[in-house]
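Student: The structure's right below; bear with me while I get my questions together.
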Amino acid sequence: MATFNLLLLAGDGIGPEVMAEVKRLLGFYAKKGIADFHTEEGLVGGSAYDAHKVAITEATMAKAHACDAVIFGAVGGPRWDKVPFEARPEAGLLRLRKELGLFANIRPAIVYPALADASSLKREAVEGLDIIILRELTGGVYFGEPKTISDLGNGQKRAIDTQVYDTYEIERIARVGFELARKRRNKVTSMEKRNVMKTGVLWHEVVGRIHDREYQDVQLEHMLADAGGMQLVRWPKQFDVIVTDNLFGDMLSDVAAMLTGSLGMLPSASLGELDPKTGRRKAMYEPVHGSAPDIAGKGMANPIAMLASFAMAMRYSFNMGKEADRLEAAIAAALAEGLRTADIKSEGCNIVSTAEMGEAIVGELETLSA
Ligand code: NAD
């Protein structure tokens, strides 16, 4: 039986509640002899601050470097609004992303048939939607220097952010995009603003070159990012994998998220550089949502984003694509049975708790695995 080492960082608020459902799932995989996931746990965010006065300790960082994948819940909450800036809960998450070099953020937007009416778009526009927004996560305008606000001395100030990309940063994210597309519908849409930005000119050139050299079998389309935003809400099914920079990816992935209707449904994966020795990448899997302090402790959280993030871990870190497909099918089956957590409730459906939803999904998995 394959063995993998996981670091579970549940975090704050609903983080531990949705992580409990991952543990239920791991119990199922161990019982069935499908895989043996060795787990370690650690504190991150507000809970780490309460215990150690930092958002993540050195010891937990060392475990994150050593494991095969980090499974992350959520951090933050009003309790920690006044802690020092460098120790705020989100600092733990940012440190993990930065030190593990997680440059590729994969956010699927999938519309399960049973939830097609939860989207703000018409059913026919989103039913069966399955696209990926691939966002460059460690470069671009959020990190470029100079990044300043200066006083011009005449009652005016000047704010500067710098959008900067080097060839290697574009090459590596483009390769991730083409590799993803090869395992899906074989199409990549690269989005930038080459009409007004130099980084867009370089982005366009480098993505095109990587395609021509290494991925001619994949269909490549270039689109200006503003037109891409429009197309994403007009007819999202035209896309397969969208690859774009940090800033445009931030916005376009939130737009794509809303196509699916609920924050409680959205998984994500962040991947680092391929290690040529092991053939593996550093990786972290987390739901897109936050710690939801408004519903924490009430057993109301939707565990699907967290469980679907684990499906991504099986697909991208453990080479268990079939098991990932099966877990996603189990989620779809539980929804088709009419089970809903409160955030996705609709008329005639059965409202269940976090644990009941987790239990039902594992039950469906049991049936599908029989
Ligand atoms: P949020 O995602 O926590 O919640 C937004 C709304 O969605 C809330 O009404 C919440 O109840 C609901 N929601 C979120 N996840 C849900 C789930 N799984 N099931 C059912 N309902 C769900 O965003 P927020 O309220 O803006 O932020 C709360 C805290 O989380 C803040 O401290 C914020 O900084 C932090 N945050 C953390 C992350 C992260 O850890 N990656 C991401 C976003 C926000």
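Student: Over segment 239-370, calculate the relative contact order: mean separation of alpha carbon pairs under 8 Å at least 6 apart, over the residue count, as a percent.
Tutor: Value for segment 239-370: 21 percent.
Student: If each residue's Cβ is checked for other Cβ atoms within 10 Å, how do 289, 204 rank with the fewest at the top? Kindly include the intermediate steps, with their values, before the conclusion.
Tutor: Details: 289 25, 204 19.
Arranged by neighbour count, lowest to highest, 289, 204 become 204, 289.
Student: Taking θ as phi - 60°, what are the ³J(HN,Hα) couplings along segment 154-165 by the Karplus curve (6.51, -1.76, 1.60), each to the nearest whole Hz, with x for Gly and Pro?
Tutor: Computed from phi, the couplings for segment 154-165 are 10, x, 10, 10, 10, 9, 10, 10, 10, 8, 9, 9 Hz.
Student: Something else now. Go through segment 252-267 residue by residue and turn each phi into a ³J(HN,Hα) via Karplus (6.51, -1.76, 1.60, θ = phi - 60°); whole Hz please, and just put x for glycine and proline.
Tutor: Once θ is set to phi - 60°, the couplings for segment 252-267 become 5, 6, 6, 4, 4, 4, 6, 4, 8, x, 9, 4, x, 10, 9, x Hz.
Student: Taking the Cα centre of the chain as the origin and placing charges on Cβ (Lys, Arg +1; Asp, Glu -1), which of 71, 14, 230 is farthest toward the positive end of the dipole?
Tutor: Checked the options; the winner is 230.
Student: Over the Cα atoms of segment 2-132, compute the convex hull volume and normalise it per residue, giving Å³.
Tutor: 156
Student: Taking R0 as 30 Å, what's the FRET efficiency between residue 23 and residue 346 from their Cβ-Cβ distance, rounded to 0.05?
Tutor: Efficiency, rounded to the nearest 0.05: 0.55.
Student: Once the Cα atoms of the chain are picked out, what are the Rg and Dmax in Å?
Tutor: 20.7, 74
Student: Quick one: 340, 182, 172, fewest Cβ neighbours within 10 Å first, how do they rank?
Tutor: Details: 340 22, 182 14, 172 18.
Taking fewest neighbouring Cβ atoms as first place, the list is 182, 172, 340.
Student: Next up: Quick check on the chain: helices-only [θ] at 222 nm, where DSSP H runs of length 4 and up contribute -39,500 (n - 2.57) each and the sum goes over total residues. Nearest 500, please.
Tutor: Rounded to the nearest 500, the figure is -13000 deg cm²/dmol.
Student: When you take every Cα atom in segment 130-259, what is the radius of gyration, and what is Dmax, the widest Cα pair distance, in Å?
Tutor: Spelled out, the Cα radius of gyration and Dmax of segment 130-259 are 16.1, 57 Å.
Student: How big is the charge dipole of segment 1-96 about its Cα centre, in debye rounded to the nearest 20, if each Lys and Arg gets +1 on its Cβ and each Asp and Glu gets -1 on its Cβ?
Tutor: 120
Student: Still on this structure: Which net charge results when you count Lys and Arg as +1 and Asp and Glu as -1 among the other residues whose beta-carbon is under 14 Å from that of residue 261? Numbers along the way, then the final one.
Tutor: Numbers: positive: 122, 123, 340, 345; negative: 117, 127, 254, 343.
Neighbourhood net charge equals 0.
Student: Can you grab the distance from the C-alpha centre of segment 18-61 to the C-alpha centre of segment 292-370, Å, no decimals?
Tutor: Cα centres, segment 18-61 to segment 292-370: 18 Å.
Student: Please list, ordered by chain and number, the residues whose modelled amide H lies under 5 Å from the amide H of residue 281; skip anything fewer than 5 residues away on the same chain.
Tutor: Hits under the 5 Å cutoff: 275.
Student: Then there's this: Give, as a single signed number, the net charge of other residues whose beta carbon lies under 12 Å from the beta carbon of residue 171, with Lys and Arg counted +1 and Asp and Glu -1.
Tutor: Summing Lys/Arg as +1 and Asp/Glu as -1 gives -2.
Student: Give, as a single signed number, the net charge of other residues whose beta carbon lies under 14 Å from the beta carbon of residue 327, with Lys and Arg counted +1 and Asp and Glu -1.
Tutor: Residues close to residue 327 contribute a combined charge of -1.
Student: Just rank 29, 215, fewest to most, by other beta-carbon atoms within 10 angstrom. Present the calculation step by step, with values, prior to reporting the outcome.
Tutor: Details: 29 23, 215 20.
Going from least to most buried by this count: 215, 29.
Student: What is the magnitude of the charge dipole of the chain about its Cα centre, with +1 placed on the Cβ of each Lys and Arg, -1 on the Cβ of each Asp and Glu, and no other charges, expressed in debye to the nearest 20?
Tutor: So the magnitude is around 380 debye.
Student: With a 10 Å cut-off between alpha carbons and a GNM built on the chain, which of 227, 330, 360 moves the most?
Tutor: Maximum fluctuation in the GNM of the chain, among the listed residues, is at 227.
Student: Still on this structure: Report the paramagnetic label zone for residue 205: residues of segment 225-253 whose backbone N is under 13 Å from a point 7 Å from Cα along the Cα-to-Cβ axis.
Tutor: Nothing falls inside the zone, counting backbone N under 13 Å.
Student: Given 208, 156, 146, which one lies farthest toward the positive end of the charge dipole of segment 130-259, if we put +1 on the Cβ of every Lys and Arg and -1 on the Cβ of every Asp and Glu?
Tutor: Positive-end residue among those listed: 208.
Student: With the crude spin-label approximation of a point 7 Å out along Cα→Cβ, what separation in nm comes out for residue 182 versus residue 41?
Tutor: Those two pseudo-labels are separated by 3.9 nm.
Student: Please give the contour-minus-distance gain from residue 31 to residue 168: 0.36 nm per residue of separation, less the Cα-Cα distance, rounded to one decimal in nm.
Tutor: 45.0 nm
Student: Evaluate E = 1/(1 + (r/R0)^6) for residue 212 and residue 238, where r is the Cβ-Cβ distance and R0 equals 22 Å; express this FRET efficiency to the nearest 0.05.
Tutor: Calculated transfer efficiency: 0.45.
Student: Could you calculate the contour length gain from residue 62 to residue 368, that is, 0.36 nm times the residue separation minus the distance between their Cα atoms, to one decimal place in nm?
Tutor: Details: separation 306, 0.36 × 306 = 110.16 nm, distance 3.73 nm.
Separation in residues times 0.36 nm, less the Cα-Cα distance, equals 106.4 nm.
Readers should treat all values here as calculations from the given coordinates under stated rules, not as data from a laboratory. Everything numeric in this text was worked out from a predicted model, so none of it was measured. We place every Cβ from the backbone using ideal geometry, glycine too, and count neighbours over all the protein chains shown.
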